[in-house]
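Undergrad: What follows is a single structure, and I will ask about it in a moment.
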Amino acid sequence: MIRKNSTSILFIFVISSTYLSFNSSFHLPNVTNYFWLVSWAIAVNLASTIYHKEVTYGSFLVVFFLGWSILSGLWASDANVYLSGVMRVMAFFLGISACNIVFSHNKKLSDSVLENLLGAFLIISIIYYISFYCQEISNGFCYPFGNPNMGSSVLSFALLVNGGFLIKHYGRKTFFFGIATFLWFSYFLITLSSEATMLMLLGSVALTVFFLLKIKKYLFIVGILLLLAALPFYSTVINELWPSIEIRKFMWQDTLNMVLFSPTSVLLGWGAGHFCFVFPQFRSVESFSAIYSTKFNDFPHCFSLELCSELGLIGCAIFIVIVAVVYIGFWRKKEKSATDYTLVTATLFLFLHAQVSVVFSYVQIQFLLAMIIGWYLSSVKHKTTLRVPWLGQLVYTAVLIGFWKLCMWSMVTFHYNYKAAMIQKDPYTAMEKMLEVDPPMYEDFHTLQFRHQLGILLVGNYEKSPVFIKENMDIFEELHERIPGYGYYWLYKAIFYAKQLKIASADEKFIQYSKKNPFDNALWFYWGIAVINKGASQKTFMEYVDKIHRQYPHDGTLLMAKGISYHLQRNKKLAKEYLQKAQKWASRMGQRHNEVREWSREIEKLLHK
């Protein structure tokens, strides 16, 4: 039995282990998913090249997409950042070619892909359930996905696979097993409460059914009536989703400004991997006031906009054509199976969901699309291989091994050493360990975080060893060179100057940051501390607090700043009044503004001394 189904068991193991390799010993726990998946894809490609003496390229469109990403290095501003973008596209390319190889050479595995996927996702979901409830971690931020968006995306995909399994096994005993797993996935998906994911899931299923049924006109009318009947509930849904809608509105507007900056940025983009490094220059001040505002924006929560910003309209068009060819190709097949209908719906779901989320920033979700494309190419029997002489095989092998060593291996070692440094309890020890970490060849969102975190530790430990700190500021200083619009660099540079009692320089950086993000509670708190410690000008602080408070009189962060200002003036009555207003505002706004509430309380306690 095991021997007979060894290929299926191996396939289920590969899929399951891709997700279950999530490891909290690394700064980015799912970097191990990335490493495992790309290593597997490289191994499959190498084995095929050596054994069959041919290179599998998936399709010319996929090769063209990879080629365009590589070509973007000609106009990209930072070679290291560009490398991180090419790495992601290369991983996608290798995933497609590896899945194409596996399905092309094993028809039984190709025919049973729904059953195997259902088995893999069932294993993953059971482990997720155990982690979700046994660890008592709320909102789905637990092993093996790390966050509820990832979990809801994978479970939605599993639900679609389950639906195809039910259609395929209707009338068999296994149909009842499919009913049980369908209820299981549905229940778990609902508990994660990811409204956007469920909307995209329902939308993709509805569109598939719409094209399948002949009574399209009547179905359309019924759909319109149902939408009208749901009108009373729209306001409730919008209120529930508003924080997510608000931050996306800001990000999409600012990303669009980034894309439309010049004719070159419209057609060619800023270069592969460049979104999070260029975006701060275009990020609006008001976006920092959003409830879900973050310090870093690695992706714009819309994959089409992300492609346009990095690879221009040309790169975005190539990717859309790839998805469209697969989608249309499924529908044009003369004999369509339950697997065809399932995977075409899954393709639509992944593409729609990527337009309102960051799912394609996760290699685990990219892999699902790569697997669908690989399966489609094998099912239509398109020529996707190229016979090459031994020299070509040698070059291709060297490229794959070099890519694994220089990019994949350096990635996991970086994230492991980064986490090992950050778990040190003593800040000075953590700083020393961080300085021992070698940043990889590429620059991405996580190396940006690394430089930012190291800067915090360097500035925080300045009093212990001023000379040593000054000599080791280079890694932190690179933030300004690589990402000139990044405001948090200015904040910690201001604190650094304040500790050296360079008042004019400290004020300059505090002012610079206040113009970028006046809604950061850390700005006003540390600026106030700098004033108390004679590292910044009290007069300048008070002037800017008054000026910005007049612009945003109802924002709680500015209410806290106003309270600090009155505290510095020794006006206890007004200080207490504004600090209490800030606390009420933070309580009303929820958990995202806990720091405003806690810091306001701490400052208020000082008034009683």
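The values are calculated or read from the model by the stated rules, or taken from the named source; none is laboratory data. Please read these numbers as outputs of a predicted model, since none were measured by experiment. Cβ sites come from the backbone with ideal geometry, for glycine too, and all protein chains shown count toward neighbours. Just so you know, the surface numbers come from the protein's heavy atoms only, side chains and all, with ligands and any DNA or RNA stripped out. Shrake-Rupley method; radii C 1.70, N 1.55, O 1.52, S 1.80 Å.
Undergrad: With segment 369-465 as the region, which helices (runs of 4 or more DSSP H) entirely inside it contain at least 3 residues that are over 30 Å from F296 (Cα atoms) and open to solvent by 40 Å² or more (accessible area, probe 1.4 Å)? Steps first, please.
TA: Working: elements: 390-403, 410-422, 427-436, 445-460.
Result: 390-403.
Yes/no per residue for (1) at pLDDT below 85; (2) within 20 Å of A272 (Cβ to Cβ):
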{"residue": "V38", "(1), (2)": "no, yes"}
{"residue": "N45", "(1), (2)": "no, no"}
{"residue": "K53", "(1), (2)": "yes, no"}
{"residue": "G73", "(1), (2)": "no, yes"}
{"residue": "S84", "(1), (2)": "no, yes"}
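Undergrad: Is segment 324-341 home to any residue that is closer than 23 Å to D444 by Cβ and in the same structural domain as T32 (by the TED database)? Lay out the reasoning, then the answer.
TA: Here is the first cut: in segment 324-341, the residues closer than 23 Å to D444 by Cβ are none.
No, segment 324-341 contains no residue that is closer than 23 Å to D444 by Cβ and in the same structural domain as T32 (by the TED database).
Undergrad: Follow-up. So how many residues does segment 468-492 have that are part of a helix (DSSP H, G or I) and either touching an Asp or Glu at 6+ places or on another chain (Cβ under 6 Å) or open to solvent by 20 Å² or more (accessible area, probe 1.4 Å) (or both)?
TA: Our first condition is that a residue be part of a helix (DSSP H, G or I); within segment 468-492, this holds for 468-471, 474-482, 487-492.
Adding the requirement that they be either touching an Asp or Glu at 6+ places or on another chain (Cβ under 6 Å) or open to solvent by 20 Å² or more (accessible area, probe 1.4 Å) (or both) leaves 468, 470-471, 474-475, 477-478, 480-482, 490, 492.
Within segment 468-492, residues that are part of a helix (DSSP H, G or I) and either touching an Asp or Glu at 6+ places or on another chain (Cβ under 6 Å) or open to solvent by 20 Å² or more (accessible area, probe 1.4 Å) (or both) number 12.
Undergrad: When you go through (1) at pLDDT 90 or above; (2) open to solvent by 30 Å² or more (accessible area, probe 1.4 Å) one by one for S97, which number turns out not to apply?
TA: Just one mismatch for S97, condition (2).
Undergrad: Filter segment 280-314 down to the residues that are within 14 Å of the chain's Cα centre (by Cα) and of a type in the set (F, W, Y), then identify the one that is nearest to H452 (Cα to Cα).
TA: F296
Undergrad: Return the residues of segment 73-94 that are open to solvent by less than 10 Å² (accessible area, probe 1.4 Å) and hydrophobic (A, V, I, L, M, F, W, C); say none if nothing qualifies.
TA: Filtering segment 73-94 down to residues open to solvent by less than 10 Å² (accessible area, probe 1.4 Å) leaves 81, 85, 87, 94.
Residues satisfying the conditions are V81, M87, L94.
Undergrad: Being open to solvent by less than 40 Å² (accessible area, probe 1.4 Å) and either in contact (Cβ under 8 Å) with a residue 12 or more places away in the chain or in a helix (DSSP H, G or I) (or both): is that true of V14 here? Spell out how you get there, then give the answer.
TA: Values: open to solvent by less than 40 Å² (accessible area, probe 1.4 Å): yes; either in contact (Cβ under 8 Å) with a residue 12 or more places away in the chain or in a helix (DSSP H, G or I) (or both): yes.
When the stated conditions are applied, V14 passes them.
Undergrad: Continuing with this model, one more query. Can you name every residue in segment 501-520 that is assigned to a loop (DSSP other than H, G, I, E, B) and more than 20 Å from S284 (Cα to Cα)?
TA: Across segment 501-520, the qualifying residues are L501, K502.
Undergrad: Assess whether I2 counts as being in the same structural domain as L386 (by the TED database) and modelled with pLDDT under 85.
TA: yes
Undergrad: Return yes when F250 is aromatic (F, W, Y) and open to solvent by 20 Å² or more (accessible area, probe 1.4 Å) and no when it is not. Before you say what the answer is, go through the steps one by one.
TA: Numbers: aromatic (F, W, Y): yes; open to solvent by 20 Å² or more (accessible area, probe 1.4 Å): yes.
So F250 passes the test.
One line per residue, one yes/no per condition, for (1) more than 19 Å from Q355 (Cα to Cα); (2) in contact with a helix residue (DSSP H, G or I) (Cβ under 8 Å, 6 or more places away or on another chain); (3) among the hydroxyl-bearing types (S, T, Y):
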position	(1), (2), (3)
F250	no, yes, no
V259	no, yes, no
S265	yes, yes, yes
P280	yes, yes, no
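Undergrad: Cβ contacts < 6 Å: first residue within 11 Å of G556 (Cα to Cα), restricted to segment 582-600; second residue in a helix (DSSP H, G or I) and at pLDDT below 70, any location; separation 6+ or different chain. Result?
TA: Filtered contacts from segment 582-600: A586/H593.
Undergrad: Within segment 25-58, how many residues are out of contact with any Asp or Glu (no Cβ under 8 Å at 6 or more places or on another chain), over 19 Å from I15 (Cα atoms), open to solvent by less than 30 Å² (accessible area, probe 1.4 Å) and of a type in the set (G, A, S)?
TA: Result for segment 25-58: 1.
Undergrad: Would you mind finding the one in Y187, Y170 that is assigned to a loop (DSSP other than H, G, I, E, B), of a type outside the set (G, A, S) and open to solvent by 70 Å² or more (accessible area, probe 1.4 Å)? Spell out how you get there, then give the answer.
TA: Values: Y187 fails: assigned to a loop (DSSP other than H, G, I, E, B).
When all the criteria are applied, what remains is Y170.
Undergrad: Scan segment 545-564 residue by residue and report those that are touching a residue at least 24 places away in the same chain (Cβ under 8 Å), more than 20 Å from S293 (Cβ to Cβ) and out of contact with any Lys or Arg (no Cβ under 9 Å at 6 or more places or on another chain).
TA: I564
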